[in-house]
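The values are calculated or read from the model by the stated rules, or taken from the named source; none is laboratory data. Given the structure is predicted, the values throughout are model-derived calculations rather than measurements. All Cβ positions, even for glycine, are placed from backbone atoms using ideal geometry, and neighbour counts span all protein chains on display. Ligands, DNA and RNA are stripped out before the accessible areas are found, and what is left, the full protein with its side chains, is counted by its heavy atoms. Shrake-Rupley method; radii C 1.70, N 1.55, O 1.52, S 1.80 Å.
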Amino acid sequence: MPQFAANLSMLFTEQPFLDRFEAAARAGFEAVEFLFPYAFEAQEIRRRLDANNLKLVLHNLPAGDWEAGERGIACHPDRVDEFRAGVARAITYAQALGVGQLNCLAGKTPAGVPDAALRETLVANLRFAATALKVAGLRLLVEPINTFDIPGFYVNRTAQALAILDEVGADNAFVQYDIYHAQRMEGELAATLQKHIARIGHVQLADNPGRNEPGTGEIHYPFLFAHLDRIGYSGWVGCEYKPATTTEAGLHWIPPRAASGVTP
């Protein structure tokens, strides 16, 4: 059975961010992830992790002005310096927080920029990030995002992400496979996971439609959990979903096994 990490940007939002660590631990989670740590001092987050005996398994590189609707800048030719500065900042946080991998959001396609320039910029930025992260002992992840939720997101399919990583050519760069986004864009979840499992560094989940907890939609999660075991996935599965009601009320989907990473 996979190990589940609570995504604190999506779960326990009934409480302020720094209080969500304790809430996750009380609910039985042994690990957490979140989008960004940068609004807080790294040592304050580290204190919350340590106080609640939690492992941090993922956060993202800086992704531009999130509140203004930006969803990454890695493909933007006019923001390369900003991207590279963000890589350095992310590594500083990662080292303080003990996380081993960072996710890069490619961003939405800027108007009027040819595809060749977008891809060239993204590949160069990913090479830069992968090199810097490797020196720090970290893995780089690239996540395809569905274009229904985020119209214009540049990297939106598994095959596209893999082709970009082939061009990057870094042995510490992997796909972040979000089951929800993949279901919306391409389906074929089990076959894709099995075919590319060696190149998938992290898995996230939510059901579809609605992006709520497993069991609320069309995805057969009990099968997928067993499938992840069969194909040898040993990483964490991030619970990046919107609870249909409250977080605690929606945790009934978690299989009652200690091996899940959540106390039964």
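At a glance:
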quantity	calculated
Hz values of 3J(HN,Hα) by residue in the range 240-246 - Karplus curve (6.51, -1.76, 1.60), Gly and Pro given as x	9, 10, 9, x, 5, 10, 9
Built amide H within the under 5 Å cut-off of Ala173, gap 5+	Leu140
Degrees separating the helix 221-230 axis from the principal Cα axis of the chain, which is the longest one	70
Other-chain or far-sequence residues with amide H under 5 Å of Phe4's (modelled H)	Val237, Gly261, Val262
Surface per residue (accessible, 1.4 Å probe) for the chain, Å²	42
Under DSSP loop assignment and at most 13 Cβ neighbours within 10 Å, longest GluC sites (Glu not before Pro)-free interval of the chain	42-187
Residue-wise HN-Hα coupling along the range 74-83, computed from phi with Karplus coefficients 6.51, -1.76, 1.60 (Hz; x: Gly, Pro)	5, 9, 8, x, 8, 10, 5, 4, 5, 4
Neighbourhood net charge (12 Å Cβ-Cβ; Lys/Arg +1, Asp/Glu -1) for Gln160	-3
Rounded to the nearest 10 Å², the accessible area of Thr92 at probe 1.4 Å	90
14 Å Cα-Cα reach of Lys134 towards aspartates and glutamates, excluding residues that sit fewer than 8 places from it in its own chain	Asp171
Fraction of accessible area attributable to carbon and sulfur, the range 159-264 (%, probe 1.4 Å)	54
5 angstrom amide H check on Leu56, placed H, neighbours 5+ away	Val32
Antiparallel bridges, percent of DSSP beta bridges restricted to the range 120-239 (to nearest 5)	0
Probe 1.4 Å, all protein chains present, accessible-area order of Lys55, Lys195, largest first	Lys195, Lys55
Table column - 3J(HN,Hα) (Hz), the range 158-163, Karplus curve with 6.51, -1.76, 1.60, x for Gly and Pro	4, 4, 5, 4, 5, 5
Whether the range 177-264 is rounded, prolate or oblate, judged on the alpha carbon gyration tensor where a/c under 1.5 counts as rounded	oblate
Over the chain: helical MRE at 222 nm, DSSP H runs n ≥ 4 each giving -39500 (n - 2.57), nearest 500	-10500 deg cm²/dmol
Solvent accessible area, Å² - Tyr154, 1.4 Å probe, full protein context	20
